[in-house]
1. Could you list, in sequence order, all residues of segment 72-128 that are closer than 30 Å to GLU187 by Cβ and touching a helix residue (DSSP H, G or I) at 6+ places or on another chain (Cβ under 7 Å)?
2. Specify the residue that is surrounded by the fewest Cβ atoms within 10 Å (Cβ to Cβ); the eligible residues are those in segment 143-159 that are in contact with a strand residue (DSSP E or B) (Cβ under 9 Å, 6 or more places away or on another chain) and in a loop (DSSP other than H, G, I, E, B).
3. Select from segment 160-208 the residues that are in a strand (DSSP E or B) and small (Gly, Ala, Ser) and write down the one among them that is farthest from SER268 (Cα to Cα).
4. Please work out which one of (1) crowded, with 18+ Cβ neighbours inside 10 Å; (2) out of contact with any Gly (no Cβ under 9 Å at 6 or more places or on another chain); (3) outside any helix (DSSP H, G or I) is the condition ASP300 fails and give its number.
5. How about segment 109-128: which of its residues are of a type outside the set (A, V, I, L, M, F, W, C), modelled with pLDDT of 80 or more and either under 29 Å from LEU28 (Cβ atoms) or in a helix (DSSP H, G or I) (or both)?
6. So in segment 234-255, with the set limited to residues that are of a type in the set (A, V, I, L, M) and surrounded by 16 or more Cβ atoms within 10 Å (Cβ to Cβ), which one is farthest from GLU182 (Cα to Cα)?
7. Which pairs do you get when a residue that is closer than 11 Å to HIS249 by Cβ and in the same structural domain as ARG174 (by TED's automatic domain parsing), found in segment 217-236, comes within reach of a residue that is in a loop (DSSP other than H, G, I, E, B) and hydrophobic (A, V, I, L, M, F, W, C), reach meaning Cβ atoms under 8 angstrom, with the pair 6+ apart or on two chains?
8. In segment 275-300, which residues are more than 23 Å from the chain's Cα centre (by Cα) and aliphatic (A, V, I, L, M)?
Amino acid sequence: MFPVRCVLLEMAKVNLPEGSARARETVLLLRLVESGQSPFSADAQPIARRLIVARWIRPAVRGQGWELVDDQRHAVLERLRLLWPAWEQDSVLLRELGLNPWLVTHIQALPALRRRQQATGFIHRKTWNAASAAGSKRRSQVLPGAVLTDDWVVRGRTNADVHLVTPESRIDWRRETELNMEFTVSERSWLRSSGLGGEAPNLVITVENVGALVDLPIPPCGMVVFAPGTVTAGAAKIVRELASSAWVHFGDLDPAGVAACCRIASDSGRTPQLFIPSFANEYLNGALPVKRKWPLLPLDHPILAALVAAGTWLEQEAFLLDPRLPIELEACACPNY
């Protein structure tokens, strides 16, 4: 009996802190009580070792995992009640909500789930997650009665007569650009709108850096849309909405720039179109070393091949003041580009 008593004292120490370790033990115990067995889990293995020494469970006869020793169900049930006094009611609640009490993440969401938070209209995703799950950075286990938003804001410039159609009015993006040097649209404004109206641009250019957003010459009947880093969802929605307009992505010639081009293309239902000036080879002597090795590229271009071979990359801003750039961008709107 001495080894068993020592093991139980060690297990009692586990009961003190809240957190994932306690939740993992709770899940293991609940599985054993409800089904008599539990599949193998690396996370639960340290707990299972103590239960095996205590002779509460043993390795499963069939398959990988553990099974309850027949005459130890009462001991396991007592331990479960100690860790989780309301396990029966909470299990019912989770299952009523379409969740699974055998999952650690669902158990950890219980404190917020018991509050039965409600939401309507628009609500930021992290606000809902914090109110209904285990923190703003954890995905909520319950769908809200509201539209979850990431609340992106897209900045852009245009000389085309295009406007956003909202329930109250038409927001003229060309006029905004004339007055404020740029237009902006928030995700919530976009979701409330019925889309874009007016004159579709001949060409939409998504750009990666602020320098290109503010300094890039806009081709006639064109639009420049800011799509920084991985924050490209809003830009992709505009590109998708302007299906009749030509589109190119003008970003850094590095792995992140190529990835952004492919992501916008995928999200907007387009073929990737990475804009690389015909004179880019003249700038290769100013290329910078890449911090991470180039991955296998989905796009084929001699400039990209040269950069990959040399382990270098080019900033998009390097091309902005070249007088040939506006001419080449305007040509991108041609059907044969």
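1. Of the residues in segment 72-128, the ones closer than 30 Å to GLU187 by Cβ are 97-99, 105-106, 108-109, 111-113, 115-128.
Correct list: LEU97, LEU99, HIS106, GLN108, ALA112, LEU113, GLN117, ALA119, PHE122.
2. Restricting attention to segment 143-159, the residues satisfying the condition of being in contact with a strand residue (DSSP E or B) (Cβ under 9 Å, 6 or more places away or on another chain) are 144, 146-159.
Narrowing the set further to residues that are in a loop (DSSP other than H, G, I, E, B) leaves 144, 146, 150-152, 159.
Working: PRO144: 19, ALA146: 15, ASP150: 11, ASP151: 15, TRP152: 16, ASN159: 17.
Per the stated criteria, the residue is ASP150.
3. Step one: of segment 160-208, the residues in a strand (DSSP E or B) are 162-165, 170-172, 183-186, 195-198, 203-207.
This time we only want the ones that are small (Gly, Ala, Ser), so: 186, 195, 197-198.
Details: SER186: 18, GLY195: 14, GLY197: 18, GLY198: 20 Å.
Filtering segment 160-208 for residues that are in a strand (DSSP E or B) and small (Gly, Ala, Ser), the one farthest from SER268 (Cα to Cα) comes out as GLY198.
4. Here ASP300 clears every test but (1).
5. ARG125, LYS126, THR127
6. Of all residues in segment 234-255, those of a type in the set (A, V, I, L, M) come to 235-236, 238-239, 242-243, 246, 248, 253.
Going one step further and asking which of them are surrounded by 16 or more Cβ atoms within 10 Å (Cβ to Cβ), we end up with 235-236, 238-239, 242, 246, 248, 253.
Numbers: ALA235: 14, ALA236: 18, ILE238: 15, VAL239: 17, LEU242: 18, ALA246: 20, VAL248: 19, LEU253: 25 Å.
Checking each candidate, the answer is LEU253.
7. That search, which allows pairs on different chains as well, returns ALA235/ALA227; ALA236/ALA227.
8. So in segment 275-300, the residues more than 23 Å from the chain's Cα centre (by Cα) come out as 275-291, 293, 299-300.
Within segment 275-300, ILE276, ALA280, LEU284, ALA287, LEU288, VAL290, LEU299 qualify.
The values are calculated or read from the model by the stated rules, or taken from the named source; none is laboratory data. Everything numeric here is computed off the predicted structure, so don't read it as measured data. Every residue, glycine as well, gets a Cβ built from its backbone with ideal geometry; the counts of neighbours run over all protein chains shown.
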